[in-house]
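In what follows, a single structure is set out as structure tokens and then discussed.
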Amino acid sequence: MKELTRRGLIFAGAALAAVGVFAGVDHVASSTFVKNELPLGPDATVDLVEFDETGKRVGTVQKHKVRKTLAEWQAILTTPQFVVTRKAATEIPYSGELLNEHRAGLFRCTDCGTALFDGKTKFESGTGWPSFWAAIASENVREKDDFSMGILQREVKCTLCDAHLGHVFTDGPQPSGLRYCINSAALKFVPLRAA
């Protein structure tokens, strides 16, 4: 019995040491690859491109960043929307409502309504998430390094409200070669109206 207890203590100590080493490596790797973002002031503004109900580009506008507490977001979003856009979760593949949406229309941010993707750029990637080969306007989305899964990825966020949308990869179709892999819960589809 004493031998079993001694072995258990040795294995438990080794496991704790390994966890500590991996946590340290993750911290060092994260700080090496992920650049810290400078905090924006309460009156920070961003330039966005607006689109009307027909999908026509209206022009560039300057708007104040949307600022809400987590409690305020939780009060206005569904649980899946909140967990994805505010906690940076990922939907289960093939579970999103917009995966098979192929009508002409705009995909807007579910949190703030900013136009993010045009249905013309949506394609079947076979990954289980809505995929687009381009954002509707580079001003409307922003990218940042994400090392949360232990590998360096490019996170895609809404410029206006900082909602987590998904990630962008370089294995998409031409003409861009990009694949914006986006959670359905982060998007609101708005069909185009006739001009």
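Residues in region 67-125 that are over 11 Å from residue 189 (Cβ atoms) and of a type in the set (Phe, Trp, Tyr): 73, 82, 94, 123. The numbered conditions (1) more than 13 Å from the chain's Cα centre (by Cα); (2) in a loop (DSSP other than H, G, I, E, B); (3) modelled with pLDDT of 95 or more are all true for residue 102 except (3). Starting from residues that are under 21 Å from residue 145 (Cα atoms) and surrounded by fewer than 11 Cβ atoms within 10 Å (Cβ to Cβ), keep the ones in region 30-57 and report whichever is modelled with the lowest pLDDT. Per the criteria, the residue is 32. Screening residue 162 with (1) outside any loop (DSSP other than H, G, I, E, B); (2) among the acidic types (Asp, Glu); (3) within 18 Å of residue 111 (Cβ to Cβ) gives one miss only, at (1). Selection of first residues in region 87-102 that are more than 30 Å from residue 71 (Cβ to Cβ) and of second residues that are of a type in the set (Gly, Ala, Ser) and not in a loop (DSSP other than H, G, I, E, B), restricted to Cβ pairs under 9 Å at least 6 apart or on distinct chains, gives the following pairs, ordered by first then second residue: 99/184; 101/119; 101/184; 102/119.
Filtering region 135-169 to residues that are surrounded by fewer than 16 Cβ atoms within 10 Å (Cβ to Cβ) and modelled with pLDDT of 95 or more leaves only 138.
Filtering region 181-195 to residues that are of a type in the set (S, T, N, Q) and surrounded by fewer than 16 Cβ atoms within 10 Å (Cβ to Cβ) leaves nothing. Condition check for residue 111 on (1) surrounded by fewer than 16 Cβ atoms within 10 Å (Cβ to Cβ); (2) in a loop (DSSP other than H, G, I, E, B): one failure, at (1). One residue alone among 66, 84, 49 is of a type in the set (Val, Ile, Thr), assigned by TED's automatic domain parsing to the domain that holds residue 179 and under 15 Å from the mean Cα position of the chain (by Cα), and that residue is 84.
The values are calculated or read from the model by the stated rules, or taken from the named source; none is laboratory data. All figures in this text were calculated on a predicted structure; none of them were measured in a lab. Cβ atoms come from the backbone with ideal geometry, glycine included; neighbour counts cover every protein chain shown.
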